Every structure is written in structure tokens, then in C-alpha cells.
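The values are calculated or read from the model by the stated rules, or taken from the named source; none is laboratory data. Nothing here was measured: the structure is a model prediction, and the numbers come from that model. We place every Cβ from the backbone using ideal geometry, glycine too, and count neighbours over all the protein chains shown. SASA here: full protein model, heavy atoms, side chains in, ligands and nucleic acids out. Shrake-Rupley method; radii C 1.70, N 1.55, O 1.52, S 1.80 Å.
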Number of protein chains: 2
Amino acid sequence: MARLAGSSKLLRAMNESATMALLIDRGTLTRGELRELTGLSKPTTSDVLRTLTEAGLAVVVGHTSGGPGPNAEVYAVNPAAATVLAISVRDVSETLHAPFEAALCDLGGAVLARAAYPSDPADGDPVGTVRAIAADLCARAGRDRVTHLQLGVPGSYDPGTGAIRHIDVTGWGRPGLVTELAAALDLTVDADNDVNLAAIAERHRGAAAGSGSFALLWLGAGLGCAIDLGTSLLRGATGGAGEIGYVPLGLAAPGQPRDLQSLAGGPAVAALGAAHGFTGATAEEMVAAAARADSPAATAFLGALADRIAVVLAVVAALVDPPLVVLAGEVAQAGGVRLRDLVTEAFHRNTPLRTPVEVTALTDDAVLLGAMDSGLRSVRESLVDSLNARPIPARSA
Amino acid sequence: MARLAGSSKLLRAMNESATMALLIDRGTLTRGELRELTGLSKPTTSDVLRTLTEAGLAVVVGHTSGGPGPNAEVYAVNPAAATVLAISVRDVSETLHAPFEAALCDLGGAVLARAAYPSDPADGDPVGTVRAIAADLCARAGRDRVTHLQLGVPGSYDPGTGAIRHIDVTGWGRPGLVTELAAALDLTVDADNDVNLAAIAERHRGAAAGSGSFALLWLGAGLGCAIDLGTSLLRGATGGAGEIGYVPLGLAAPGQPRDLQSLAGGPAVAALGAAHGFTGATAEEMVAAAARADSPAATAFLGALADRIAVVLAVVAALVDPPLVVLAGEVAQAGGVRLRDLVTEAFHRNTPLRTPVEVTALTDDAVLLGAMDSGLRSVRESLVDSLNARPIPARSA
DNA sequence: CAATAGTAAATCTACTTTCCTATTACGAGG
DNA sequence: CCTCGTAATAGGAAAGTAGATTTACTATTG
């Protein structure tokens with residue numbers, strides 16, 4: 001119930017924030033369009049734009065033409081006003097990926113430089129690693145400074161303590177690492193779970209683009225789940241929300257899978273594939289092979305797999321009731337639309353729930369893309385909020 | 001990213017809203033305290049209070065004394081500015097409760113009148129029923145009009161369609177009933193699931209009073225779960241979030257419980273009690289008897305029950321990671337602290353999760369209390385927002 | 001020549017600062 | 001024990017300021 005109170009200065013700050021937010025959302029706008037959207041008068045719009053331009057936050061990027069009268073100036077956010085560095089940190093014990101992949105983008109969202117790092121440039125010292133990656137990408141992009149760093153990590157991040165937990169990459173589990181990075185490199189830092197970032201990418205440019213909210217089911221070596229509430233992700237008290245692998249399957253019973261991880265995690269899927277005569281190093285490969293094949297064994301394997309995934313799906317659907325569930329992760333990607341249809345069928349057969357199911361629409365590295373999207377969002381919000389030097393928030397009890 | 005833009009009028013509206021919100025939150029405030037909290041100047045504070053008083057929203061309820069100088073006027077929200085009617089609608093097929101219980105309260109939250117209705121005053125016509133209850137309580141309280149109606153129903157409510165679903169009370173499942181009630185009685189109406197309302201009561205005056213967010217596990221005839229996100233409840237795409245009874249327990253296996261409802265729902269608990277030699281009409285009675293007893297059978301029954309509840313708890317804890325889970329509903333209430341301790345012990349024994357567990361602190365009808373709290377919140381918010389006749393919200397893409 | 005972009009001047013709203021008066025508690029002096 | 005002066009505070013009035021709007025004007029383009 002806390003509402004803002006203030007004087008004329010607050011008004012000006014709000015109008016600048018609103019204008020900046022519209023420029024960010026819409027890309028390019030003329031003074032006239034801005035006037036329409038904010039409801040402000042012509043002189044005020046001009047004045048606000050003058051301030052933003054002088055502050056280096058907005059720039060004129062062109063002029064209209066065609067209509068009668070003078071050509072209106074077209075304004076946009078100044079892409080050089082901030083630089084975001086996104087780094088995906090990976091646990092390489094089970095994949096062939098590089099341990100680090102990173103991208104640099106400007107405030108407009110354009111990717112300035114991107115690279116994968118097959119070996120750790122600072123060998124176990126995260127601060128050195130980030131410093132080296134930042135220097136490398138800045139040199140390639142011709143930028144001199146990074147404004148914000150967004151990390152994607154295979155573990156959970158607790159913003160309270162600034163520690164990344166459950167991470168198996170040397171040095172990265174150190175308590176207070178995030179604040180240390182912020183201090184050492186003079187930038188703002190945020191970290192997030194890789195599955196959460198994949199969900200953010202899915203919302204911005206994937207299968208969930210149009211959805212108000214959704215849940216993402218990650219089917220890889222581990223099971224994961226991200227719950228998008230529309231405006232933010234559900235993170236949980238200790239950053240542990242979505243750890244669906246721990247969901248138990250009833251009372252402990254001998255010979256039965258104990259939890260969802262042992263029912264539908266990577267090893268369980270691989271074992272299921274082997275039982276159906278498929279060979280391969282990982283679950284992903286077996287599922288990919290089965291999805292391509294037209295044999296009875298392939299049908300049986302995928303059907304059995306779908307039955308298991310449908311159980312995971314039902315847990316999420318019953319508890320959260322999202323308008324959409326997106327299947328992502330290596331196994332889902334390998335199974336594709338064929339697996340999705342089998343999952344939907346098994347889900348309808350075994351439960352009264354009717355939540356729509358999709359497979360991921362992303363082919364690029366979802367975690368890195370999500371880190372860029374998330375980092376951009378942070379920078380843009382802090383930019384807009386900083387204009388709003390809020391005077392006494394009239395706080396609640 | 002949408003921010004408000006506007007002119008001086010918006011500023012005044014915001015300052016009135018902020019002042020009203022503070023009066024609601026803090027109860028009583030002097031001009032000086034208000035000045036401190038809003039950061040506004042003396043003349044502005046006076047002017048805003050004058051406006052609110054003339055609009056009948058605020059009143060002077062007393063004067064300070066003791067200090068030097070004139071005695072400051074003490075302001076408060078005018079309790080007569082709105083009247084909230086809360087009605088708990090019940091499915092009486094399995095309990096001894098009255099089918100309707102209702103309370104009338106003023107804007108300050110004081111209960112003006114309260115009554116249970118052992119029979120339906122309009123016999124299956126919800127509009128007539130509400131009209132009769134409103135008339136009865138208004139007469140007792142000496143009020144002439146109800147501002148807002150909050151319904152608590154044993155089913156789910158979809159605000160999109162205005163229909164209450166999965167309800168077994170005659171006439172109440174009719175599509176569009178909520179809008180019909182609003183039109184026929186000339187008031188605003190909201191409805192919510194009974195478990196959600198119990199959670200709201202638990203947040204306002206129960207075990208979750210201090211918690212930022214929490215989950216409420218309802219253990220009664222049916223299983224339910226409410227997920228409080230701090231600012232709002234998770235409702236789901238179709239109002240079906242928290243339908244935890246549908247959570248499957250792995251692949252269909254003969255002789256095994258199929259879902260959480262068949263593991264820990266009322267009938268399952270009653271069967272478990274019977275297997276341990278307890279008798280009684282309902283699960284609640286058996287658990288209450290066991291909780292009072294000190295026999296080996298009681299210990300065995302409660303232990304087995306705790307094992308099952310721990311499974312339900314683990315599902316919620318793994319997926320949502322709330323900072324607190326409150327056990328509520330008849331079975332939890334009957335089991336009390338003894339059952340809670342056994343559940344915690346079983347939870348720790350079988351999972352790596354460490355979510356704190358509490359039992360409900362409410363003894364009165366949680367659903368009716370929650371309906372009052374929820375209705376009050378609605379009315380207060382719409383009151384504060386109505387002061388903020390917002391001029392073009394500078395909306396986003 | 002008609003329509004539109006942008007600026008300039010005058011006006012309005014609402015907030016702040018400063019100053020003033022009235023009211024109360026308290027203590028010193030009769 | 002009463003009275004009166006003093007300090008402190010509540011509340012209001014007057015003057016000044018920031019920021020927005022309206023209206024009028026100029027310049028530009030098809």
C-alpha cells in the first residue's frame with residue numbers, strides 16, 4: 001500500500017523515467033508519438049528529450065519524411081550509454097562445451113562481440129577470468145568499459161549472501177564472490193541459475209514469447225524447472241525454487257524410483273534407452289537417435305520416456321497451473337515435436353489436467369541468450385530508476 | 001517498464017493516495033507524523049488532510065496531550081467510508097458446519113455483525129441468499145449499504161469468466177454469477193478459494209504473520225495448497241494453482257496410491273487410522289484422538305501419517321522453496337504441535353530440504369477471517385487508487 | 001497553400017520556505 | 001497555592017518557485 005509522495009521534482013523525474021522507458025520499449029519514437037504515449041504537452045516532451053539527450057541517454061537517429069510539414073526528429077536510446085557482459089559458466093564434467101561462453105551487447109540489445117573460451121583464462125580465479133573475458137571482448141568491440149555483468153551458472157544463486165551454491169566449477173562457489181566481482185571490476189553484477197536464464201530467453205525470443213506466464217521444464221543431465229510469473233521468476237527463499245528433481249514419488253518403496261530425478265533425470269533416461277536397445281554416451285544421443293528412427297523400439301522408448309516426462313509435467317501443472325509448459329534442455333531438444341506429442345498424449349491419458357505443452361524454439365545457447373536478456377533488463381531498469389531519484393518512498397509499516 | 005507521466009494534478013493525486021495509504025496502514029496519525037512519513041511540507045499535509053476529510057475519507061479521532069504547545073489533531077480513516085461483507089459458502093455434505101457464515105466489517109476492520117445461517121435463506125438462489133444475509137447483518141449493525149462483497153467458496157474462482165468452478169453448492173456454479181451479484185446488489189464482488197482465504201488469514205493474524213512469503217498446506221477432506229508470494233497469491237492460469245491432490249506418485253503401479261490425494265487426503269488418513277485401530281466418523285476425529293493418546297498405536301498412527309504428510313511437504317518445498325510452510329485444515333489442527341514435530345522429523349529424514357514447518361495459529365474460522373481480510377484489502381486499495389484518477393498510464397508495448 | 005514540427009510567452013497548479021499567532025507545559029517568584 | 005513568563009509546538013498565511021499547460025507564432029515540407 002505504500003505510495004510515492006513528493007513535489008514538482010518528483011514529477012519531472014517521473015516524466016523522464018516514463019519517456020526513457022518508452023524509448024527502451026518501442027525502440028524509436030518521434031516527439032509526437034511520445035506526446036501521445038505519455039499524455040504530456042509538446043513543450044514538456046521537448047524539454048524532457050533535451051535533458052535526456054544532454055545526459056547522453058537518448059540520441060536522434062533520423063528524421064521522418066513523406067508527410068507535409070517539417071520532418072520530425074526520430075529519437076532512440078543511446079546504445080553507447082551502457083555495455084552488458086553476459087557470461088555462461090559451465091560445468092564441463094559431462095558435456096563437450098567450452099567452460100565459458102560470453103557475449104557483449106549494448107543498451108539497444110545489439111551483440112557487439114561474442115566468444116567461447118575453451119580453457120579458463122585465469123585458471124580457477126573467477127575475478128581474473130571475468131577480467132580477461134571483459135578485456136578480450138571490449139577490445140574486439142571497441143568499447144572501453146562494461147556497465148553490468150550477468151552470470152549464468154549451473155547452481156543456485158542467493159542474492160542475500162551473494163554466494164553461488166551447488167556449483168562444481170573451481171573457485172566459483174566462494175562466498176561473497178558476486179560482491180567481490182562488483183568491487184574489483186567496478187560494475188554491477190547479477191547471477192542466475194542456468195535454467196532460469198533459459199526461461200528468460202524462452203520468454204524473450206522463444207516458445208513463450210506471447211505468454212503471460214509459463215513454466216519451463218528442463219530435461220538434461222539434471223531435471224530443473226523455472227516458473228515465470230509474468231513479471232519475474234519464482235526464485236524461492238534460498239534460490240532453490242524449481243529443484244524438481246527432489247520431488248519424492250511417495251513413501252520410500254524398494255525397487256521403485258525414489259524421486260523425479262531417478263525417474264526422468266539424464267541417467268534414468270539413458271538406462272531406459274539402453275533397455276530398449278539404444279546405445280550412446282548420453283541420454284541426449286539416444287533420444288536423438290530414437291526420434292529419427294521409425295522402429296518399434298524407438299516408438300517404445302519414446303513412449304516410455306513420454307510417460308515419465310508426463311509425470312514431471314503433472315507435478316508442475318497441478319501445483320502451479322501455468323498457461324503453458326515449455327520443454328527444454330538437451331533431452332527435450334533431441335526429442336523434438338515427436339516427443340512433445342507423446343508427452344501431451346500421456347499427460348492427457350493419466351491426469352485430468354489440460355495444460356498446453358510446447359518444445360523450446362531456441363537452437364542457440366539458451367543460457368547465454370537469457371543472460372544477455374536478463375542483463376539488459378537490469379541495466380535498463382536501473383537506468384530508468386536512477387532518473388527517478390525517489391524522495392522518501394512513504395514507506396509502509 | 002511502464003511508468004506514470006503527468007502534471008501537477010497527478011502529483012496531488014499521488015500525495016492524497018500516499019496519505020490515505022499511510023492512514024490505513026498505521027491506524028492513527030497526527031499531521032506532524034504524516035509530514036515525517038510523506039516528506040511533504042506542513043501546508044501541503046494540511047491541505048491534503050482537509051481534502052480527505054471533506055471527502056469523508058478521513059476523520060479527526062482525538063487530540064494528543066502531554067507535550068508543550070497546542071494539542072495536535074489525531075487523524076484516522078473514516079470507518080464509515082466503506083462496509084465489507086464477507087461470506088463463507090460451505091459444502092455441507094461432509095461436515096456439521098452451517099452452509100453460510102458471514103460477517104460485516106467497517107473500513108477500519110472492526111467486526112460490526114457476524115452470524116451463521118443454518119439454512120439457505122433463499123434456497124438455492126445465490127442472489128437472494130446474499131441479499132438476505134446483507135439485509136440481516138446491515139440491520140443488526142445499523143448500516144444502510146454494503147460497499148464490497150468477498151465470497152469464500154469451496155472451489156476455484158476464475159476472474160476471467162466470473163465463474164466459480166468445482167463447487168457442489170446448488171446454484172453457485174452458475175457462469176457469470178459474480179458479475180450478476182455485482183449488478184443486482186450494486187457493489188463490487190470478489191470470490192476466492194477457501195484455502196487461499198485461509199492463507200490470507202494466516203498471513204494477517206496467524207503463524208505466517210512475520211513471513212515475507214509462505215506456503216499453506218491444507219489437510220482436510222481434500223488436500224490443498226496456497227502459495228503466498230509476499231504481495232499476492234499464486235492463482236494459476238485457470239485458478240487451479242495449488243491443486244496438489246492431483247500430483248501423481250510416479251508411473252501408475254498396481255496397489256500403490258496413484259496421487260497425493262490417495263496418499264494423504266481425508267479418506268486415506270481415515271483408512272490409515274482405522275488400520276491402527278482408531279474409530280471415528282472422520283479423519284479429523286481419529287487424528288484428534290491419537291494426538292491426545294499416549295499409546296503405541298497412537299504413536300504408530302501419527303508417525304505413519306507424518307511420513308505421508310512429509311511427502312506432500314517435500315513436493316511443495318522442492319518446487320516452490322518457501323521460507324515457511326504452515327500446516328492447516330482439520331487434520332493439521334487436530335494433530336497440533338505433536339504432528340508438526342513428527343512431520344518435521346520425517347521430512348528431514350527423507351529429504352535434503354530444510355524448509356521450516358509450523359501449524360496454523362488460528363482457532364476461529366480461517367476462511368471467514370481470510371474473506372474479511374481479503375475484502376478489506378480490496379476496498380482499501382480501490383479507495384486509494386480511486387484518489388489517483390490516473391491520467392494516461394504511459395503503457396508499454 | 002495546407003498541414004505539421006518545434007519554440008516562445010503567458011498562465012495555472014501545487015509545492016516549499018518563511019513568518020506569524022495561538023496554545024500548552026513548566027517553573028520561578030510572590 | 002496561584003500567577004505569570006518562557007520555551008516549545010500546532011497550525012495557518014503570504015510570498016516565492018518548479019514544472020506543466022494553453023495559445024500563439026514561425027519554419028518547413030508536399
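Of all the listed residues (A:Thr161, A:Thr129, A:Thr170), the sole one being of a type in the set (S, T, N, Q) and either in contact with a Lys or Arg (Cβ under 9 Å, 6 or more places away or on another chain) or in a helix (DSSP H, G or I) (or both) is A:Thr129.
I'd like to know if region A:132-153 contains one or more residues that are over 28 Å from A:Val384 (Cβ atoms), touching a helix residue (DSSP H, G or I) at 6+ places or on another chain (Cβ under 8 Å) and at pLDDT 90 or above. Working first, answer last.
Initial filter on region A:132-153 (over 28 Å from A:Val384 (Cβ atoms)): A:132, A:135-136, A:139-140.
Within this subset, residues satisfying the condition of being touching a helix residue (DSSP H, G or I) at 6+ places or on another chain (Cβ under 8 Å) are none.
Checked against the condition, which is being over 28 Å from A:Val384 (Cβ atoms), touching a helix residue (DSSP H, G or I) at 6+ places or on another chain (Cβ under 8 Å) and at pLDDT 90 or above, region A:132-153 yields no hits at all.
Taken over region A:246-268, residues that are more than 14 Å from chain B (Cβ to nearest Cβ) and either over 26 Å from the mean Cα position of the chain (by Cα) or open to solvent by 30 Å² or more (accessible area, probe 1.4 Å) (or both) amount to 1.
Scanning region A:113-137 for residues that are surrounded by fewer than 18 Cβ atoms within 10 Å (Cβ to Cβ) and among the aliphatic types (A, V, I, L, M) yields A:Ala113, A:Ala115, A:Ala116, A:Ala122, A:Val127, A:Ala132, A:Ala135.
Within region B:57-76, the only residue that satisfies the criterion of being within 12 Å of DNA strand D (Cβ to nearest atom), open to solvent by less than 30 Å² (accessible area, probe 1.4 Å) and within 23 Å of B:Ser382 (Cα to Cα) is B:Tyr75.
Applying the criterion of being aliphatic (A, V, I, L, M), open to solvent by 30 Å² or more (accessible area, probe 1.4 Å) and over 30 Å from B:Ile24 (Cβ atoms) to the residues of region A:1-56, the residue that is nearest to DNA strand C (Cβ to nearest atom) is A:Leu37. If the condition is being within 8 Å of the chain's Cα centre (by Cα) and open to solvent by 10 Å² or more (accessible area, probe 1.4 Å), then region B:193-202 contributes B:Asp194, B:Val195, B:Asn196, B:Ile200. For region A:210-242, the set of residues classified as open to solvent by 30 Å² or more (accessible area, probe 1.4 Å) and among the aliphatic types (A, V, I, L, M) consists of A:Ala221, A:Leu229, A:Ala237, listed by residue number.
What's the total number of residues in region B:40-56 that are closer than 23 Å to B:Gly109 by Cα and either facing chain A (nearest Cβ under 9 Å) or away from DNA strand D (no atom under 14 Å from the Cβ) (or both)? So the count comes out to 2. Here region A:78-97 is the region considered, the condition is being of a type in the set (A, V, I, L, M, F, W, C) and in contact with a strand residue (DSSP E or B) (Cβ under 6 Å, 6 or more places away or on another chain), and the residue that is modelled with the lowest pLDDT is A:Val89. Can you pull out every residue in region A:22-39 that is in contact (Cβ under 8 Å) with a residue 24 or more places away in the chain and either under 23 Å from A:Leu107 (Cβ atoms) or not assigned by TED's automatic domain parsing to the domain that holds A:Val60 (or both)? Once the filter is applied, which keeps residues that are in contact (Cβ under 8 Å) with a residue 24 or more places away in the chain and either under 23 Å from A:Leu107 (Cβ atoms) or not assigned by TED's automatic domain parsing to the domain that holds A:Val60 (or both), region A:22-39 yields A:Leu23, A:Ile24, A:Gly27, A:Thr28, A:Leu29, A:Thr30, A:Arg31, A:Leu34. In region B:6-32, the qualifying residues are those that are of a type in the set (Lys, Arg) and near DNA strand D (Cβ under 10 Å from one of its atoms), and the one that is farthest from B:Asp385 (Cα to Cα) is B:Arg31. Within region B:61-77, residues that are away from every other protein chain (no Cβ under 14 Å) and closer than 23 Å to B:Thr19 by Cβ reach partners that are near DNA strand D (Cβ under 7 Å from one of its atoms) and among the acidic types (Asp, Glu) with beta carbons closer than 7 Å, at six or more positions or on different chains, in the pairs B:His63/B:Glu73.
Of all helices (runs of 4 or more DSSP H) completely enclosed by region B:276-384, which ones contain at least 1 residues that are within 14 Å of another protein chain (Cβ to nearest Cβ) and surrounded by 22 or more Cβ atoms within 10 Å (Cβ to Cβ)?
Values: elements: B:283-292, B:296-320, B:330-350.
Result: B:296-320, B:330-350.
When residues in region B:208-227 are screened for being in contact with a Phe, Trp or Tyr (Cβ under 7 Å, 6 or more places away or on another chain) and farther than 24 Å from B:Ala163 by Cβ, 1 of them pass.
Filtering region B:105-112 for residues that are among the hydrophobic types (A, V, I, L, M, F, W, C), within 23 Å of B:Asp125 (Cβ to Cβ), in contact (Cβ under 8 Å) with a residue 60 or more places away in the chain and buried (at least 16 other Cβ atoms within 10 Å of the Cβ) leaves an empty set.
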